[in-house]
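The values are calculated or read from the model by the stated rules, or taken from the named source; none is laboratory data. These numbers were taken from a predicted model, which means no experiment stands behind them. When we count neighbours, we look across all protein chains shown, and the Cβ atoms used for this are built from the backbone with ideal geometry, even at glycine. Areas reflect the complete protein model, heavy atoms only, side chains present, ligands, DNA and RNA absent. Shrake-Rupley method; radii C 1.70, N 1.55, O 1.52, S 1.80 Å.
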Amino acid sequence: MTVELKDAVRKRRMVRDFDPDRAVPREVLDSAVRLGLRAPSAGFSQGWDFVVLTDPADRQAFWDATTDADEEMDRWLAKVSSAPALILCCGDKNTYLRRYAQPDKPWQDMDDAHWPVPYWDVDTGMAALIMLLVGVDEGLGGLFFGVPVERCDQVKAEFGIPDDRSLVGVVALGYPRSQKPSGSTRSRTRRPTGEVVHDGRFGRAWATD
């Protein structure tokens, strides 16, 4: 692992407060999405789509589709909605089912019961993480968050996303206005390596220096 990547991983903190007056340069967004597409995918299926929202009207349409106009904006929304770039991350299950029905793969019946986990969503999440790391490397702040399940259809309709796509989540990118940690990280500590990494057998702690 390069020094630069190590630094990016160590600095990786979800930012929830963005400077609305500093747009993300187009070349930075282009780098983020292009490198995100280098993420691994099962069978090289690449069953993902990304909708990039930078126009203020588009971003407002997203927030209108995901929130209730009659409710008072909470602190989280007031900060996150200032992000100047949103990337809607969509998984495409059918692309994976078709890929694994091809002659070099084992499941010609296209039954999703063969899949222990939905790799169309896992792989899309990997691509999103690369985009976040690119953002950190470029001096940006980033956040990955989900769309409320009851709002997914509205978001799809608003942005022309096909019904068969899953909304895995949203990457928000922008220059941080504040680096203050979230309430979750203030009240919880990171689990130690020896507790979550197991050496050869579950329950046998991975020894660390």
Please go through the stretch 70-85 and give me each residue that is open to solvent by 70 Å² or more (accessible area, probe 1.4 Å) and hydrophobic (A, V, I, L, M, F, W, C), ordered by number. M73, W76
Note on S82: of the conditions (1) modelled with pLDDT of 95 or more; (2) assigned to a loop (DSSP other than H, G, I, E, B); (3) in contact with a strand residue (DSSP E or B) (Cβ under 8 Å, 6 or more places away or on another chain), unmet is (1)
Sole residue being over 22 Å from G160 (Cβ atoms), aliphatic (A, V, I, L, M), modelled with pLDDT of 95 or more and crowded, with 19+ Cβ neighbours inside 10 Å, chosen from L53, L88, L97: L97
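Considering the stretch 22-52 alone, what residues qualify as being outside any helix (DSSP H, G or I), closer than 26 Å to P118 by Cα and in contact (Cβ under 8 Å) with a residue 40 or more places away in the chain?
Kept after step one, since they are outside any helix (DSSP H, G or I), are these residues of the stretch 22-52: 22-25, 37-41, 45-52.
Those still in the list that are closer than 26 Å to P118 by Cα too: 37-41, 45-52.
Residues satisfying the conditions are L37, R38, A39, P40, S41, S45, Q46, G47, W48, D49, F50, V51.
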Picked from the stretch 10-44 (must be at pLDDT below 90 and in contact with a helix residue (DSSP H, G or I) (Cβ under 7 Å, 6 or more places away or on another chain)), the residue least open to solvent (accessible area, probe 1.4 Å) is D17
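So which residues in the stretch 158-183 are surrounded by fewer than 13 Cβ atoms within 10 Å (Cβ to Cβ), closer than 25 Å to A32 by Cβ and at pLDDT below 90, if there are any at all? Reasoning before the result, please.
Step one: filter the stretch 158-183 for residues surrounded by fewer than 13 Cβ atoms within 10 Å (Cβ to Cβ), giving 160, 162-164, 178-179, 183.
So of that shortlist, the ones also closer than 25 Å to A32 by Cβ come out as 160, 162, 178-179.
Result: S178, Q179.
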Scanning the stretch 93-124 residue by residue, the ones that are within 23 Å of R38 (Cα to Cα), in a helix (DSSP H, G or I) and hydrophobic (A, V, I, L, M, F, W, C) total 3
Would you say D123 is at pLDDT 95 or above and among the charged types (D, E, K, R)? yes
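Quick one: is A127 assigned to a loop (DSSP other than H, G, I, E, B) and surrounded by 11 or more Cβ atoms within 10 Å (Cβ to Cβ)?
Details: assigned to a loop (DSSP other than H, G, I, E, B): no; surrounded by 11 or more Cβ atoms within 10 Å (Cβ to Cβ): yes.
Spelling it out, it is not the case that A127 is assigned to a loop (DSSP other than H, G, I, E, B) and surrounded by 11 or more Cβ atoms within 10 Å (Cβ to Cβ).
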Can you tell me which of (1) among the polar types (S, T, N, Q); (2) part of a helix (DSSP H, G or I); (3) farther than 29 Å from A69 by Cα is the one T189 doesn't meet? (2)
In the stretch 53-75, what residues are of a type outside the set (S, T, N, Q), in a loop (DSSP other than H, G, I, E, B) and either under 16 Å from the mean Cα position of the chain (by Cα) or under 17 Å from V171 (Cβ atoms) (or both)? D55
State whether one or more residues within the stretch 143-152 are in contact (Cβ under 8 Å) with a residue 40 or more places away in the chain, open to solvent by 30 Å² or more (accessible area, probe 1.4 Å), closer than 14 Å to G169 by Cα and β-branched (V, I, T). no
All positions within the stretch 29-59 that are of a type in the set (G, A, S) and more than 16 Å from F144 (Cβ to Cβ): S31, S41, A42, G43, S45, G47, A57
